[in-house]
């Protein structure tokens with residue numbers, strides 16, 4: 001838990017990879033899914049990608065909110081000569097019974113998927129909060145449901161990788177600085193994940209972000225042979241609805257000292273999706289810091305856990321959780 005590592009993520013250098021690196025029209029023919037794209041950094045990414053000519057699915061629970069976001073983007077960027085096609089895709093990560101149907105709805109429209117940003121998630125919630133299937137909410141929404149969704153989309157990712165530029169088909173998972181600040185030395189405490197025995201909700205959140213890191217590493221190991229890159233990124237400390245449950249005084253302090261505008265987190269997502277620094281043989285499974293910096297997580301102890309099989313163990317644990325409900 002190095003101080004230098006955390007400091008560099010609280011106060012990152014200026015982004016060096018921006019919209020100019022993904023020029024208008026450059027993504028014509030490519031298909032993307034961004035979960036949680038109707039607000040926050042997901043919406044900022046949509047705005048950045050709109051001129052590129054891609055087909056972009058904004059995945060979320062509320063059709064009304066997503067369609068309003070689509071309207072706002074298209075109306076504010078009417079002058080673009082190669083606008084993307086923006087589409088709504090229903091996705092409720094709180095209800096595992098709906099996930100396969102969401103992936104099937106996408107598959108009915110598209111044969112390939114070039115990039116999946118698993119951006120949607122939930123933050124620090126009250127102790128005991130659960131999903132519809134009575135799974136602890138942070139690990140349910142942030143890990144188990146996204147893994148199921150991603151696995152259901154594997155055929156479309158594989159299809160894209162057959163013809164796409166090597167290393168360009170990617171799955172982007174979402175980490176957090178809380179991995180370094182609050183995750184326990186074990187990385188994951190399964191008794192807590194299963195029975196909800198922790199007394200500090202931020203630890204639950206941090207463990208779900210460790211889980212996202214583990215899933216990214218394991219996906220890289222399992223799917224690299226198909227030409228799919230998988231990475232985890234800490235988008236940075238940005239002002240989004242993930243802080244919606246925080247007390248007013250805490251938010252005043254955070255806004256004043258530590259939180260950046262959502263667009264900055266969008267740059268982390270943009271870098272993760274398009275930087276040429278990633279490839280099947282180069283940095284697959286990597287950790288990305290804000291606002292687009294390839295650098296290790298500061299938790300050397302958790303790298304040792306990964307070497308000892310922790311990522312595989314968590315992947316299999318997640319599969320057992322959703323198999324009971326789908």
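Throughout, read-outs are computed from the coordinates displayed, never taken from laboratory work. The model shown is predicted, which means the values in this text are computed figures rather than measured ones. Cβ: placed from backbone, ideal geometry, glycine included. Neighbour counts: every protein chain shown.
Largest GNM mean-square fluctuation among 220, 37, 107, using the chain with Cα springs under 10 Å: 107. Our note on the geometry: Cα centres of segment 270-310 and segment 184-228, 15 Å apart. GNM on the chain, alpha-carbon springs under 10 angstrom: the most fluctuating residue among 273, 224, 265 is 224.
Multiplying the residue separation of residue 76 and residue 324 by 0.36 nm and subtracting their alpha-carbon distance yields 84.8 nm.
Potential lengthening of the chain between residue 104 and residue 63 amounts to 13.0 nm, from the contour at 0.36 nm per residue minus the alpha-carbon distance. Residues within the reach of a label modelled at residue 95 (point 7 angstrom out along Cα to beta-carbon, backbone nitrogen below 20 Å), restricted to segment 36-56, are 36-38.
Mind running the shape call on segment 3-321? Use the C-alpha gyration tensor, a ≥ b ≥ c as the square roots of the eigenvalues: rounded below 1.5 for a/c, prolate if a/b tops b/c, oblate otherwise. Rounded shape, in that the Cα axes give a/c under 1.5.
Length available on full extension from residue 6 to residue 225: 0.36 nm per residue minus the Cα-Cα distance, which gives 75.5 nm.
Normalised by the number of residues in the chain, what is the relative contact order in percent for Cα pairs under 8 Å and 6+ residues apart? Answer for the chain is 21 percent. The helix-only estimate of mean residue ellipticity at 222 nm for the chain, built from DSSP H runs of length n ≥ 4 each weighted as -39500 (n - 2.57), is -12500 deg cm²/dmol after division by the residue total. By the count of neighbouring beta-carbon atoms within 10 Å, fewest first, 307, 180, 80 end up ordered 307, 80, 180.
Take the Cα of residue 165, go 7 Å toward its beta carbon, and the backbone nitrogen atoms of segment 16-53 under 19 Å from that spot belong to 16-33, 48-53.
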